[in-house]
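What follows is one structure encoded as structure tokens, with my remarks underneath.
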């Protein structure tokens with residue numbers, strides 16, 4: 001019985017060591033993702049800020065249109081293209 005208990009304890013110790021090594025490996029891998037994920041979080045925060053303030057967006061669009069009509073037209077084309085891409089993608093995902 002003592003041999004069996006000793007074998008179980010030895011296996012447990014090996015498993016604990018392995019788990020510690022795997023935790024360290026995962027922590028190192030996640031550390032390399034910290035900066036890109038932080039950047040994405042900041043972008044999402046900015047997007048939420050803009051979406052929560054439609055008058056701000058309308059004012060910026062009006063100012064852009066008045067100051068640079070060609071630039072406003074180019075941005076409108078890009079926005080329309082992104083909107084169409086979004087609609088196409090959501091239809092493909094829904095099917």
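Laboratory data are not the source of any read-out in this text; all were calculated from the coordinates shown. Quantities reported herein were computed from a predicted structural model and do not represent experimental measurements.
Observations
- For the chain, the C-alpha radius of gyration divided by 2.2 N^0.38 Å, with N the number of residues, is 2.18.
- Among 27, 72, 63: highest mean-square fluctuation, GNM of the chain, C-alpha pairs under 10 Å: 27
- Fraction in percent of alpha-carbon pairs per bin - 5 Å, segment 54-95: 5, 23, 17, 20, 13, 10, 8, 3, 1
- Of 70, 18, 48, the residue with the greatest mean-square motion in the GNM of the chain, using alpha carbon springs below 10 Å, is 18.
- Over all orientations, segment 1-52 has a Cα convex hull whose mean projected area works out to 5.4 square nanometres.
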